[in-house]
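For reference, the structure discussed in these notes is given below.
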Amino acid sequence: MTHAVLEASGLTLSFGAIKALDNVSFRVHPDELLSIIGPNGAGKSSLLNCLSGFYRPQAGSVRFLGQDITRLPTHRYAELGVGRTFQGIQTYASMTVRENILCGFHTRMTSGLFSAFLYWGRVRREEDRYVREAEAIIEFLELEELRHASVGELPYGLRKRVDLGRALAMQPKVLIMDEPMAGMNPEEKSDLARYILDIKEGRRIPVVLVEHDMDVVMDISDRVMVMEWGRSIAEGTPEEVRNDPRVIQAYLGVEA
Ligand SMILES: Nc1ncnc2c1ncn2[C@@H]1O[C@H](COP(=O)(O)OP(=O)(O)OP(=O)(O)O)[C@@H](O)[C@H]1O
Ligand SMILES: [Mg+2]
């Protein structure tokens, strides 16, 4: 059996009387694109927030590459290689495409401000390296023409692509994405789907995707987990999940 990259066991999280997560367990394997779907309020974002250290589950654990990371401080998640993009826009509008992507390297910079004074040569060398790596990401995401454009002036789909570049700059070992395609037109969606597949197959980074667009989910996922009311109600290949009576009921609200 292959080792899981990311593994959640018995995650439980309540906000007052609301159980956002109720004993949720699942694994993400190497080279896998796992999608999490479910109606609004099912607990998908809460789950991603627990996986990336933004929420603390009241019970259960998160393991990453075999290490229990449940109680680590949030910044450690990114440093260890849990990368993510968020619902909505997270880019800096007044900065350029390249500067935004360079921000992603922040978690990896070994030279702090103090050592920068002492070892400015090393910092310079690091900067050159990061600029080169940022350029590689810009090329990968086909943003060459826009590298010096202000992100605030870009259409939504491109801003989301820059946000993805920022997440890639962190050199994640797993990439968690919350509704990256919300608000995109069909062309932007198919572009992003292609980049996500390239990230998984070319860069060999497993992806956890929360997405409402069922056509995209069924098209690109290796496995799908379905949530309802904070619980995982089904898990399997897109084909298995599509035909699962519980899933049909959760989505249509009727007996299948
Ligand atoms: N920070 C919070 N404070 C209070 N309640 C919260 C918080 N975060 C989530 N919840 C509640 O937990 C439940 C699950 O919310 P969550 O955002 O995880 O759902 P979701 O599946 O991501 O929904 P959507 O598809 O609309 O994004 C909801 O009832 C929500 O109101
Ligand atoms: Mg959500």
Using helices alone, I'd like the mean residue ellipticity at 222 nm for the chain: each DSSP H run of four-plus residues gives -39500 (n - 2.57), total over residue count, nearest 500.
-11500 deg cm²/dmol
Cα convex hull of the stretch 6-252 - mean projected area over all directions, nm²
14.3
Given a Förster distance of 35 Å, the FRET efficiency implied by the Cβ-Cβ spacing of residue 93 and residue 190, rounded to the nearest 0.05, works out to 0.85
Hand me the trypsin sites (Lys or Arg not before Pro) from the stretch 189-256 located in a DSSP loop with no more than 15 other Cβ atoms within 10 Å, in residue order please.
203, 204
Expressed in nm to one decimal, what extension gain is obtained for the pair residue 147 and residue 65 from 0.36 nm per residue of sequence separation less their Cα-Cα distance?
26.1 nm
Could you please report the charge total around residue 231, scoring K, R as +1 and D, E as -1 over all other residues with beta-carbon less than 13 angstrom from its beta-carbon?
0
Full extension from residue 135 to residue 3: what is 0.36 nm times the residue separation minus their Cα-Cα distance, to one decimal in nm?
44.3 nm
With each pseudo-label sitting 7 Å past Cα toward Cβ, what's the residue 72-residue 201 distance in nm, one decimal?
3.0
Could you work out the local net charge near residue 150, counting Lys and Arg as +1, Asp and Glu as -1, over the other residues with Cβ closer than 13 Å to its Cβ?
+1
Between 0 and 90°, nearest 10: helix 120-140 axis offset from the chain longest Cα axis:
50
Taking amide H positions as placed 1.01 Å from N in the peptide plane, with prolines and chain starts having none, which residues 5 or more places from residue 54, or on another chain, fall under 5 Å of its amide H?
none
Percent of beta bridges antiparallel (DSSP, the stretch 6-252, rounded to nearest 5)
55
For the stretch 16-90 and the stretch 189-230, distance of Cα centres in Å
16
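Values in this text are rule-based calculations from the coordinates and carry no lab data. Predicted model only: the values in this text are computed from it and were never measured. For neighbour counting, all protein chains shown are included, and Cβ atoms are generated from backbone atoms with ideal geometry for every residue, glycine included.
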